[in-house]
Amino acid sequence: MNDETTERLLDGLILLASRSPSPHNTQPWSPHIVRDGADPVPTVEVCVVPSRTLPAGDPSFRDVVLALGGWVESFAIGAAEAGYDAEVEALPQLSRLEELPLTGPADAAMPVLRLRLVPRLAAKAGGGHSSQGARAGTDATRGDAAAHPVDESAAPRPFTADDVRERAVYRGRLIGHPATWDDLSDVDLPPWLTLRRLDDRAMAYLSRLGIAFTASRPSIAKELLHWLRLDPAHPNYTKDGMTDTMLGVPAPLARLAAPATRWRSIRNPLLGVAGVVGRTAESLERARTLRPLALSLAESQDESPTHLVLVANARLAALDDGPRITAAMDSRIGVAEPDALEAGRALQRLWLHAHTRGLVVSPHSELIDSPLAHGLLRKRLSLGRSDVALSVFSAGVAAGAVQRSPRLTDARPARARTATPRPTAAPR
Ligand SMILES: Cc1cc2nc3c(=O)[nH]c(=O)nc-3n(C[C@H](O)[C@H](O)[C@H](O)COP(=O)(O)O)c2cc1C
């Protein structure tokens, strides 16, 4: 493959990866193809866009790094389909995101990731599954992407580029299908990541606490409003953020609320009211006691959605790796950033696992963002000191139509976009 063909492939993979999920649909990544480095073949470097991070809602950059992980996984899935493994190098800047300015464009001189294509056969020894190259390029075998890839003996991948394009979050009513989560062999979770089940009652209670927290912190609520797109007249309606249709807000209500997302004179009094309501709800709710988890799980109705928590064990992730233990202790996420990146890759595989079985997910980061809800969640799941809850989401069959979310790349030529949304399949 010559440089031009490699570049065309990389360009298509970047376009594919842009369909990855991100908090509030911020799309915090800024990838660019690097041609003139020491490498003989073009590589991709990814920077973080400060104005697309959430300093109030995601001060630890947990969701940014998880989203970058999802981006890498999508890129790797597309690369595998083209006969390549994606060798991923987590650069030191990934662990220093707090040095980024609060807002502004990406700085191309400060990439957080570097990705290189390696023919699948050549990479097999070290890069078998998608997640294995995430650690600063230590595991993956370096190959020559200029050679023609040989794909025959590479292991088949469970997810396709079309799955990446078609997957979507759904925030309406979910009908549970717990059996979907019994076999996760296609997800291939690393041993330090586990998926725990949360009962309906705790989920509803902790989500209320989390929403009350968001509403009562003006900086977080303001950030959320900034990323809402409740009117097609919003200049970024077709580019980013969360639209009325994605959120399932009826059009008349959305149009009524839309000015609050854009005009300070309406937004500020609204935030004041939300603050009072949120704080009142938080203090009323905090006194509640819940039935024991096992009892409550046993009582769960089959048709209620499955609530899942992705938990990382920082000690297991850093096993026999002293600097990594220090990195985990230094990280505000609770696990070293390269591990959080790998968790983001696994999270994308979990969401694709749901997608390929006709299910959708509805994330609930508010359970981790609210210190009160987070503390109760840890207690509910009996998490140990090294356990870090990274993501909470509900899963089930969508009771309504699943909407496609916009991307900054939607206006680009449709060279790599082929898929039309697949109708929701019956769960397998
Ligand atoms: C790390 C992470 C955290 C997220 N947290 C939430 C959340 O708390 N609530 C929610 O409704 N969506 C959440 N999302 C989903 C995004 O809003 C969604 O991915 C984005 O709007 C794009 O939509 P799509 O995934 O349907 O393409 C999260 C996504 C990621 C990657």
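The values are calculated or read from the model by the stated rules, or taken from the named source; none is laboratory data. Keep in mind the model is a prediction, meaning the values are calculated, not measured. Every residue, glycine as well, gets a Cβ built from its backbone with ideal geometry; the counts of neighbours run over all protein chains shown. Just the protein is used for accessible areas: all its heavy atoms, side chains included, with ligands, DNA and RNA removed. Shrake-Rupley method; radii C 1.70, N 1.55, O 1.52, S 1.80 Å.
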Study note, to complete from the structure: In the set P50, P59, the lone residue that is in contact with a Leu (Cβ under 7 Å, 6 or more places away or on another chain) and more than 19 Å from L115 (Cβ to Cβ) is P50
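Kindly state which helices (runs of 4 or more DSSP H) lie completely within region 320-407 and contain at least 1 residues that are open to solvent by 10 Å² or more (accessible area, probe 1.4 Å), more than 10 Å from the ligand (Cβ to nearest atom) and modelled with pLDDT of 95 or more.
Ranges flagged: 337-356, 371-380.
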Practice item. Can you work out which of the residues in region 49-83 that are among the hydroxyl-bearing types (S, T, Y), within 16 Å of the ligand (Cβ to nearest atom) and farther than 27 Å from T6 by Cα is farthest from the chain's Cα centre (by Cα)? Key: S60
Review point. When only residues in region 408-421 that are closer than 13 Å to G12 by Cβ and among the polar types (S, T, N, Q) count, which is modelled with the lowest pLDDT?
Key: T418
Review point. Taking helices (runs of 4 or more DSSP H) that do not extend beyond region 244-311, which have at least 2 residues that are loosely packed, with under 14 Cβ neighbours inside 10 Å?
Key: 251-257, 264-285, 293-299
Exercise for review: Can you tell me which residue among L224, L195, L228 is under 28 Å from R286 (Cβ atoms), open to solvent by 20 Å² or more (accessible area, probe 1.4 Å), of a type outside the set (D, E, K, R) and in contact with a His (Cβ under 8 Å, 6 or more places away or on another chain)?
Suggested key: L224
Review point. Restricting attention to region 7-24, which residues are without any contact (Cβ under 8 Å) to a residue 60 or more places away in the chain and open to solvent by less than 40 Å² (accessible area, probe 1.4 Å)?
Key: S22
Point to revise | Cβ pairs under 9 Å, 6+ apart, first in region 309-326 and within 25 Å of A202 (Cα to Cα), second part of a helix (DSSP H, G or I) and open to solvent by 50 Å² or more (accessible area, probe 1.4 Å) | key: A314/I325; A314/M329
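Any residue at all in region 29-48 that's of a type in the set (S, T, Y) and within 14 Å of the ligand (Cβ to nearest atom)?
no
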Review point. If you check H129 against the conditions, is it under 20 Å from the mean Cα position of the chain (by Cα) and at pLDDT below 95?
Key: yes
Study note, to complete from the structure: Among S185, S219, the single one that is assigned to a helix (DSSP H, G or I), within 30 Å of P338 (Cα to Cα) and open to solvent by 50 Å² or more (accessible area, probe 1.4 Å) is S219
Check your understanding: Cβ-Cβ below 6 Å, separation at least six or inter-chain, first residue in region 354-367 and within 13 Å of H177 (Cα to Cα), second within 12 Å of the ligand (Cβ to nearest atom) and open to solvent by 30 Å² or more (accessible area, probe 1.4 Å): which pairs?
Key -> V360/V402
Practice item. Name, by its number, the condition in (1) open to solvent by 40 Å² or more (accessible area, probe 1.4 Å); (2) touching a Leu at 6+ places or on another chain (Cβ under 8 Å); (3) under 25 Å from G57 (Cα atoms) that does not hold for R208. Key: (2)
Review point. Of all residues in region 25-77, which are assigned to a helix (DSSP H, G or I) and surrounded by fewer than 23 Cβ atoms within 10 Å (Cβ to Cβ)?
Key: N25, P50, S51
Exercise for review: Could you tell me whether region 84-106 includes any residue that is open to solvent by less than 10 Å² (accessible area, probe 1.4 Å), at positive phi and either away from the ligand (no atom under 16 Å from the Cβ) or of a type in the set (A, V, I, L, M, F, W, C) (or both)?
Suggested key: no
